[in-house]
1. What are the residues in region 177-207 that are modelled with pLDDT of 95 or more, out of contact with any helix residue (DSSP H, G or I) (no Cβ under 9 Å at 6 or more places or on another chain) and not acidic (Asp, Glu), if any?
2. Is it fair to say HIS166 is under 21 Å from the mean Cα position of the chain (by Cα), closer than 21 Å to ILE244 by Cβ and not hydrophobic (A, V, I, L, M, F, W, C)?
3. Among the residues of region 127-141, count how many are over 29 Å from ASN203 (Cβ atoms) and open to solvent by less than 30 Å² (accessible area, probe 1.4 Å).
4. Working carefully through the options ALA73, ALA124, ALA115, find the one that is surrounded by 20 or more Cβ atoms within 10 Å (Cβ to Cβ) and part of a helix (DSSP H, G or I).
Amino acid sequence: MRQLFRYMRTWVFISLLCLVVSWSLPAQAATSFSPKLEQQVLQILREHPEVIIESVQIYQQQQQQQLKQVRQAFLQDLKLNPQTVIGESPTTGANQSKILLVEFSDFQCPYCSEAHKTLKQLLAKHQNEITLVYKHLPLISIHDQALPAAKAAWAASQQGKFWEYHDALFANQKQLGEALYIDTAKSLQLDLEKFKNDAFGANNLAEKAIAKDILLADNLGIDGTPFFVINSQKFSGVVQLSNIEKILADAQ
């Protein structure tokens, strides 16, 4: 009996998905689904609403388990194969360090700007202990200049000036825009044509590179900035220097 119910639950869930899809399709496509099937599904749902609740719960549990596994794999790589995590991302601080501080940040995020000031203090005090790794996570839905700024910074990194450009963007966060991107490139004496092509050219090199960081953040379930990982510990938002130093001490 239990096996029969499981089979029915699976069938109902699949049928419901078909029904939802049919409602979301244009009228011409939706006509391919039988009205009789729709009525059967609706009747079963009225009699057994717990089927949907249970199916959703199972799905959520599977998603949480998958997220947990991805995070564990990331932390394992951070510990044993740090270069896998670093990839082509810009780094600063100690050249050889057992402690990696991975930052996911958005140049238009005001909290990231505050965190930037704290990180500058942190690296000044612990420059031989920490390697800071920058990952782009532009919150495109709420910050219209987040992606253009990230692309400009990536283009600067192709000429070895990421961190100088990074600092300039945060220092002038309220002026983010094309004029600032070009003026900053000029002030850093970048090859302007190469900069423009790398940042905003038709080949979309910058956007493709940034998309890798966004995908990593999405896989890790990160949906806000700033977000940090030190070895096996993570934290987010604006934090005080003393708080990071405590996390740093615990990580050693």
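1. ALA179, GLN189
2. Considered against the rule, which asks whether it is under 21 Å from the mean Cα position of the chain (by Cα), closer than 21 Å to ILE244 by Cβ and not hydrophobic (A, V, I, L, M, F, W, C), HIS166 comes out as yes.
3. Going through region 127-141 one residue at a time, the tally reaches 2.
4. ALA115
The values are calculated or read from the model by the stated rules, or taken from the named source; none is laboratory data. The structure displayed is predicted, hence computed values, not measured ones. For neighbour counting, all protein chains shown are included, and Cβ atoms are generated from backbone atoms with ideal geometry for every residue, glycine included. When the accessible area is computed, the model is the full protein with side chains, heavy atoms only, and any ligands, DNA or RNA have been set aside. Shrake-Rupley method; radii C 1.70, N 1.55, O 1.52, S 1.80 Å.
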